[in-house]
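Colleague: A single structure is presented below for examination.
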Amino acid sequence: MRDVVILGSTGSIGTQALEVISAQPESFRVVGLAAGGGNIELLARQVLDTGARLVAVTRASAVQDLQLALYAEASKRGWSSGEVMLPRIVAGPDAAAQAAGHPCDVVLNGITGSAGLEPTLAALRSGARLALANKESLVIGGTLVTGAAAEGQLVAVDSEHSALAQCLRGGTPTEVDRLILTASGGPFRGRSRAQMAAVTPAEALAHPTWDMGRVITTNSATLVNKGLELLEAYLLYGVELDRIDVVVHPQSIVHSMVQFVDGSTLAQCSPPDMRLPIGLALSWPDRMAGVAAPCDWSTASSWTFEPLDNEAFPAVELARRSGRLGGTAPAVFNAANEECVDAFHAGRISFLDILDIVRSVLDEHCAPGGLAGASVPDVGSRLVSSADMDVPSVLAADSWARARARELTVRNPGVDGQMERTL
Ligand SMILES: NC(=O)C1=CN([C@@H]2O[C@H](COP(=O)(O)OP(=O)(O)OC[C@H]3O[C@@H](n4cnc5c(N)ncnc54)[C@H](OP(=O)(O)O)[C@@H]3O)[C@@H](O)[C@H]2O)C=CC1
Ligand SMILES: CC(=O)[C@@H](O)[C@H](O)COP(=O)(O)O
Ligand SMILES: [Mn+2]
């Protein structure tokens, strides 16, 4: 029996993790849940379903709402107030990190965005296995995260990285030639840059193969998700950035591949269903039976592969550049993107502005001596090298990049994809 804490329990990853766990009650027990506080009713249902004894909510004002929702849900189920065992509730900006440090065997981090960094570090410090969906924390923390992880402690949930971990079991590190990440190509696959100038948030959220949260779905449309995954693969498996490729595979059945020095390539294949990599990360290194449906080899099907159009989708090469720069550059790449995704959904910038602004903010962070024109505070504005980087410098770079990106989204309110360069 493994005790599990689920961070981001109300999201796409969190709810699917709870589904996997409820199908394996003899193997897992949920001891803690954490969420932002945006969906209190669902969180209350999860508390009563799992019997979790610790609940963390980041929005401090949600505590009373959660208590009321717990009683309301219990009464809906016909439970008397004496039957309701209220969990310990912690709230505020550090709540998720507190939950991550709660004694357990596995912490699953399914929080979205750079808010996952401190919980990731807290989980690693606790000694529990970390099943990591929150790729942003690894990308921005870099060696601060990998250095805090003991051998085998960090297990990928991301479908491509789970695939790579499975394929890497097929050879020794010196036998690995290249890693090949597959990308669906998103809803705008095949379009030129000009053909994406007027796309709407609703169109960007229509992912062809996966049902996921808003940020990662938008990142799949821009290919920023694949850029983050390139850095994630580099950090997890220690293969240099120049030996990691991206190939577009619209069916999302081959989840990634490892090419070995003798010319052999191993691929991991399964219909797109996150329950498989979530289940494998929870039970790692063992496989559980019946977690997800396998490929159906009795019907005709075609799997296709095509090169990525880096001109229309510059995000992967921009991420690669941030990875080569190292230090706080990936944190800036990620934070500027998170702000731009919000601005795009709020109608302040166009789809193409997202990458234009991310590039400008990254350029500014890495330019020797910085560039003129910014009115946001200077703290975090300069690149800190990998050797000098610590958690405060990552958080400062994250805050600076957000402020600078916000400033650019306000200065450039056009939604025609032709961002006026102010730098
Ligand atoms: N969805 C997928 O299939 C995949 C997701 N991932 C990664 O997994 C992570 C989660 O993605 P996904 O589940 O799609 O996202 P969702 O938006 O569906 O869910 C995000 C979860 O995080 C919680 N949350 C958000 N901000 C905070 C915060 N500051 N503190 C605590 N909790 C917070 C939300 O709580 P609430 O809404 O209740 O406030 C919610 O439970 C991302 O890093 C993503 O890149 C990776 C591969 C696949
Ligand atoms: C399910 C998963 O792991 C996502 O990261 C997925 O890969 C997104 O699809 P894209 O390949 O379109 O980015
Ligand atoms: Mn992925």
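Colleague: Taking the conditions exactly as written (within 15 Å of ligand 2 (Cβ to nearest atom), within 30 Å of residue 351 (Cα to Cα), surrounded by fewer than 17 Cβ atoms within 10 Å (Cβ to Cβ) and of a type in the set (A, V, I, L, M, F, W, C)), does residue 313 satisfy them or not?
Modeller: Spelling it out, it is not the case that residue 313 is within 15 Å of ligand 2 (Cβ to nearest atom), within 30 Å of residue 351 (Cα to Cα), surrounded by fewer than 17 Cβ atoms within 10 Å (Cβ to Cβ) and of a type in the set (A, V, I, L, M, F, W, C).
Colleague: Between a first residue in the range 11-39 that is under 14 Å from residue 280 (Cβ atoms) and at pLDDT 95 or above and a second residue that is within 16 Å of ligand 2 (Cβ to nearest atom) and part of a loop (DSSP other than H, G, I, E, B), which pairs have beta carbons less than 7 Å apart while being 6 or more apart in sequence or on different chains?
Modeller: Pairs found: 13/110; 13/133; 13/157; 13/274; 16/274; 17/110; 20/291.
Colleague: Also, I was wondering about something else. Could you grab the pairs with beta carbons closer than 6 Å, sequence gap of 6+ or different chains, first residue in the range 192-209 and at negative phi and of a type outside the set (A, V, I, L, M), second one more than 16 Å from ligand 3 (Cβ to nearest atom) and assigned to a loop (DSSP other than H, G, I, E, B)?
Modeller: Within 6 Å, the pairs are 192/312; 193/312.
Colleague: Here is a check on your reading of the model: is residue 146 of a type in the set (S, T, N, Q), modelled with pLDDT of 95 or more, over 19 Å from residue 31 (Cβ atoms) and within 16 Å of ligand 3 (Cβ to nearest atom)?
Modeller: In short, no.
Colleague: Here are some residues: 131, 150, 163. Which one is farther than 20 Å from residue 94 by Cα and touching a residue at least 40 places away in the same chain (Cβ under 8 Å)?
Modeller: 163
Colleague: Go through the range 110-161 and give me each residue that's within 15 Å of ligand 2 (Cβ to nearest atom) and of a type in the set (Asp, Glu).
Modeller: 136, 158, 160 - these are the residues of the range 110-161 that are within 15 Å of ligand 2 (Cβ to nearest atom) and of a type in the set (Asp, Glu).
Colleague: Between 343, 312, 372, 331, which is part of a loop (DSSP other than H, G, I, E, B) and at pLDDT 95 or above?
Modeller: Answer to the check: 312.
Colleague: Same structure, new question: Give all pairs with beta carbons closer than 9 Å in which a residue from the range 218-231 that is within 16 Å of residue 309 (Cα to Cα) and modelled with pLDDT of 95 or more meets a residue that is within 9 Å of ligand 1 (Cβ to nearest atom) and of a type in the set (D, E, K, R); count only pairs at least 6 apart in sequence or on separate chains.
Modeller: 225/135; 226/160
Colleague: Test of understanding: among 162, 114, which residue is over 13 Å from the mean Cα position of the chain (by Cα), buried (at least 22 other Cβ atoms within 10 Å of the Cβ) and hydroxyl-bearing (Ser, Thr, Tyr)?
Modeller: 162
Colleague: Would you mind stating whether residue 278 is within 16 Å of ligand 1 (Cβ to nearest atom) and over 26 Å from residue 106 (Cβ atoms)?
Modeller: Values: within 16 Å of ligand 1 (Cβ to nearest atom): yes; over 26 Å from residue 106 (Cβ atoms): no.
Taking the combined requirement at face value, the residue does not satisfy it.
Colleague: Now for a separate question. Counting just the residues of the range 214-252 that are more than 10 Å from ligand 2 (Cβ to nearest atom) and within 16 Å of residue 344 (Cα to Cα), which one comes out surrounded by the most Cβ atoms within 10 Å (Cβ to Cβ)?
Modeller: Applying the first criterion (more than 10 Å from ligand 2 (Cβ to nearest atom)) to the range 214-252 yields 214-215, 218, 230-231, 233-245, 247, 251.
With the extra rule that they be within 16 Å of residue 344 (Cα to Cα), the set shrinks to 214-215, 218.
Details: 214: 16, 215: 19, 218: 26.
Ranking the candidates gives 218 first.
Colleague: Mind listing just one residue for me: the one in the range 227-246 that is over 21 Å from residue 120 (Cα atoms) and touching a strand residue (DSSP E or B) at 6+ places or on another chain (Cβ under 7 Å) and, of those, nearest to ligand 1 (Cβ to nearest atom)? Can you show your working first?
Modeller: So in the range 227-246, the residues over 21 Å from residue 120 (Cα atoms) come out as 239-246.
Cutting the leftovers down to touching a strand residue (DSSP E or B) at 6+ places or on another chain (Cβ under 7 Å) gives us 239, 243-246.
Details: 239: 20, 243: 23, 244: 17, 245: 19, 246: 16 Å.
It comes out as 246.
Colleague: Moving to a separate point now. Pairs needed: first member in the range 284-311, among the aromatic types (Phe, Trp, Tyr); second member anywhere, surrounded by 10 or more Cβ atoms within 10 Å (Cβ to Cβ) and assigned to a loop (DSSP other than H, G, I, E, B); C-beta distance under 8 Å; at least 6 residues apart or different chains.
Modeller: 303/249; 303/251; 303/253; 305/249
Colleague: Any chance you could count how many residues in the range 267-279 are in contact with a helix residue (DSSP H, G or I) (Cβ under 6 Å, 6 or more places away or on another chain) and either of a type outside the set (Val, Ile, Thr) or without any contact (Cβ under 8 Å) to a residue 24 or more places away in the chain (or both)?
Modeller: Count: 6.
Colleague: Please determine whether any residue of the range 159-178 is within 16 Å of ligand 3 (Cβ to nearest atom), in contact with a helix residue (DSSP H, G or I) (Cβ under 9 Å, 6 or more places away or on another chain) and β-branched (Val, Ile, Thr). Let's see the steps before the verdict.
Modeller: At the first step, the residues of the range 159-178 found to be within 16 Å of ligand 3 (Cβ to nearest atom) are 159-167.
From what's left, in contact with a helix residue (DSSP H, G or I) (Cβ under 9 Å, 6 or more places away or on another chain): 159-166.
Of the ones still in play, those that are also β-branched (Val, Ile, Thr) are none.
No, the range 159-178 contains no residue that is within 16 Å of ligand 3 (Cβ to nearest atom), in contact with a helix residue (DSSP H, G or I) (Cβ under 9 Å, 6 or more places away or on another chain) and β-branched (Val, Ile, Thr).
Colleague: Further question: Inspect the range 78-89 for any residue being within 23 Å of residue 280 (Cβ to Cβ) and either modelled with pLDDT of 95 or more or buried (at least 17 other Cβ atoms within 10 Å of the Cβ) (or both) and give the result as yes or no.
Modeller: No; the residues of the range 78-89 include none that is within 23 Å of residue 280 (Cβ to Cβ) and either modelled with pLDDT of 95 or more or buried (at least 17 other Cβ atoms within 10 Å of the Cβ) (or both).
Colleague: Would the range 174-191 turn up any residue that is within 16 Å of ligand 2 (Cβ to nearest atom), hydrophobic (A, V, I, L, M, F, W, C) and farther than 20 Å from residue 247 by Cβ?
Modeller: no
The values are calculated or read from the model by the stated rules, or taken from the named source; none is laboratory data. This structure is a prediction, so every number in the text was calculated from the model and none was measured. Cβ coordinates were reconstructed from backbone atoms using ideal geometry, including for glycine residues, and neighbour counts include every protein chain displayed.
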